[in-house]
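The values are calculated or read from the model by the stated rules, or taken from the named source; none is laboratory data. Model, not experiment: these values are computed from the prediction. Glycine gets a Cβ as well: all are built from the backbone with ideal geometry, and neighbour counts include every protein chain shown. The area values use the complete protein model at the heavy-atom level, side chains included, leaving out ligands, DNA and RNA. Shrake-Rupley method; radii C 1.70, N 1.55, O 1.52, S 1.80 Å.
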Amino acid sequence: MSVHRSRHIDLQGGKIRDARIGVGRAESFPRRIPEAEAALNGSGRLDAAFRAAAVDAAARAIDPLEDHQTNADYRRDLVARCCTTRSGAERRS
């Protein structure tokens, strides 16, 4: 079981102004998570409180798929882990 995340963050003056967070394979279709985007917009790039709020918002916002192998809590946890994992480009900056 895997979850996919796509993220675009536009910085202006050291603040996030146009965050776009998308999640796939957690619900029946991939989509953007506006609740997580709203939690990030206006924050500083490395502001841990805003990042934590965005992760929490993403996990709460999804309507997770459930099957015989995974339940809703498992998929929410995967979304949270996926959203907290930094990409290679982020680790280098």
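Assorted remarks:
- With both labels modelled 7 Å from their Cα along Cα-to-Cβ, the Asp47 to Leu65 distance reads 3.5 nm.
- Remark: the chain carries 62 Å² of accessible area per residue (probe radius 1.4 Å; ligands, DNA and RNA excluded).
- The His8 and Thr85 beta-carbon pair, evaluated with R₀ = 22 Å, returns a calculated FRET efficiency of approximately 0.90.
- Restricting segment 1-45 to trypsin sites (Lys or Arg not before Pro) in coil, as DSSP defines it, with at most 14 other Cβ within 10 Å: Arg17, Arg45
- Computing log10 I(q)/I(0) by the Debye sum over Cα atoms at q = 0.11, 0.20, 0.22 Å⁻¹ for the structure here picks out one of [x] -0.26, -0.92, -1.13; [y] -0.30, -0.91, -1.06; [z] -0.34, -0.96, -1.12, namely [y].
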